[in-house]
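Report on one structure; see the data block that follows.
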């Protein structure tokens, strides 16, 4: 049996950030990662708030030097309507730019940076069982050759993302209140020559007649672009089971996006992921806490997943450091509740997006500059800035604003 101070499950963004922060404070951290990096993942359009945590973990210079596509905002299109938000003009005065990244490269860079800071990462190993009822939690780990060993630890941070290791092993899964949706996506050589397309922004396009169907277009610095469609299960009925044909059929129904991708070379087989929205009964327990997508995933529409993951990593590392120093901490009031406030802010705007009310706000032609700055702060990831009225009272403010937009509509 091996004894380690902290075990982190997963070497993705939340695992890399949390482990680096703890190591920088002098703690012994081991990461167990099932896959080998680099490996494919979606969630490629980062929000500005992400870089606050990258910087906190001492990785910002490496990320800035990696040649990723700069991102300065988000653009939305619906028919001939277009609305762009600039992250340099936000209520929260956060970082004005961020990056659009191919996650295989980005995640490996963060993991390598954590390793350079002293974190031990074991790739190709899987946590197959855990006992958190003991005084010190115990993990059963399986290597790729089938051999197994055990690690005893002071604390476990689950950063396993969609793998959701502890929720599965400890029966923590809870149903999401979001409808089941499916994403179909690919990478293309985009060859975009549309003067109206801004490579420094993600483009979110709404289907012209079905407002709950939307597309992402995320350009990378190498002339490629991530393209995907998100829709409820019923919108896939009657479409081709061939994922490439299915994705292209949605795009063919959306002239503005079809124009953008006119010259694209479709050279990569499409993939799909469905039923991705998830929740848990609790974010923490004796000897463990859940980070990012291992705890809860909402929806990809505002690219909030990596931001929530990194925010949870930073918060958990801070609380855990104090606990390991011998302080008495309250994971519910110091981690779960404050994290949930920001997640619930994102949830409100995701629900508003699919209901159409937030889309009405985004595309309103005469919204005030100050309101746009407040909304832009949320789109940039600052969903925990409670000085922002649209964060402190998201449901009431969005309802009020959408009512005004509806009243002023022609």
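Points to keep in mind about this one:
- Test: residue in the stretch 356-366 that is over 17 Å from residue 214 (Cβ atoms), surrounded by 19 or more Cβ atoms within 10 Å (Cβ to Cβ) and not assigned by TED's automatic domain parsing to the domain that holds residue 302: yes
- Among the residues listed as 195, 154, 171, the single one being in the same structural domain as residue 242 (by TED's automatic domain parsing) and either over 23 Å from residue 302 (Cβ atoms) or assigned to a loop (DSSP other than H, G, I, E, B) (or both): 195
- The set of residues from the stretch 316-335 being out of contact with any strand residue (DSSP E or B) (no Cβ under 9 Å at 6 or more places or on another chain) and without any contact (Cβ under 8 Å) to a residue 40 or more places away in the chain comprises 322, 325, 326, 327, 328, 329, 330, 333, 334.
- Residues that are part of a helix (DSSP H, G or I) and crowded, with 17+ Cβ neighbours inside 10 Å, drawn from the stretch 113-140: 113, 114, 115
Per-residue answers, yes or no, for (1) more than 30 Å from residue 72 (Cβ to Cβ); (2) in contact (Cβ under 8 Å) with a residue 24 or more places away in the chain:
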| residue | (1), (2) |
| --- | --- |
| 93 | no, no |
| 96 | no, yes |
| 102 | no, yes |
| 107 | no, yes |
| 129 | yes, yes |
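- Of the residues making up the stretch 51-86, just one is in contact with a strand residue (DSSP E or B) (Cβ under 6 Å, 6 or more places away or on another chain) and closer than 16 Å to residue 384 by Cβ, namely 51.
- Test: residue in the stretch 87-95 that is in the same structural domain as residue 150 (by TED's automatic domain parsing) and in a loop (DSSP other than H, G, I, E, B): no
- Odd one out for residue 68 among (1) farther than 29 Å from residue 154 by Cβ; (2) surrounded by fewer than 20 Cβ atoms within 10 Å (Cβ to Cβ): (2)
- Output for the stretch 178-192, where each listed residue is at pLDDT below 95, assigned to a strand (DSSP E or B) and touching a helix residue (DSSP H, G or I) at 6+ places or on another chain (Cβ under 7 Å): 182
- Of all the numbered requirements in (1) in contact (Cβ under 8 Å) with a residue 60 or more places away in the chain; (2) surrounded by fewer than 19 Cβ atoms within 10 Å (Cβ to Cβ); (3) within 30 Å of residue 29 (Cβ to Cβ), residue 311 misses one, and that requirement is (2).
- For the stretch 44-56, a residue qualifies if it is surrounded by fewer than 24 Cβ atoms within 10 Å (Cβ to Cβ) and touching a residue at least 12 places away in the same chain (Cβ under 8 Å), and the qualifying residues are 51, 52, 56.
- Which numbered condition residue 209 fails, given (1) in a loop (DSSP other than H, G, I, E, B); (2) over 23 Å from the mean Cα position of the chain (by Cα); (3) modelled with pLDDT under 95: (3)
- Of 306, 301, all but one fail to be within 23 Å of residue 384 (Cα to Cα), touching a residue at least 24 places away in the same chain (Cβ under 8 Å) and crowded, with 20+ Cβ neighbours inside 10 Å; the exception is 306.
The values are calculated or read from the model by the stated rules, or taken from the named source; none is laboratory data. These numbers come from a predicted model, not from an experiment. All Cβ positions, even for glycine, are placed from backbone atoms using ideal geometry, and neighbour counts span all protein chains on display.
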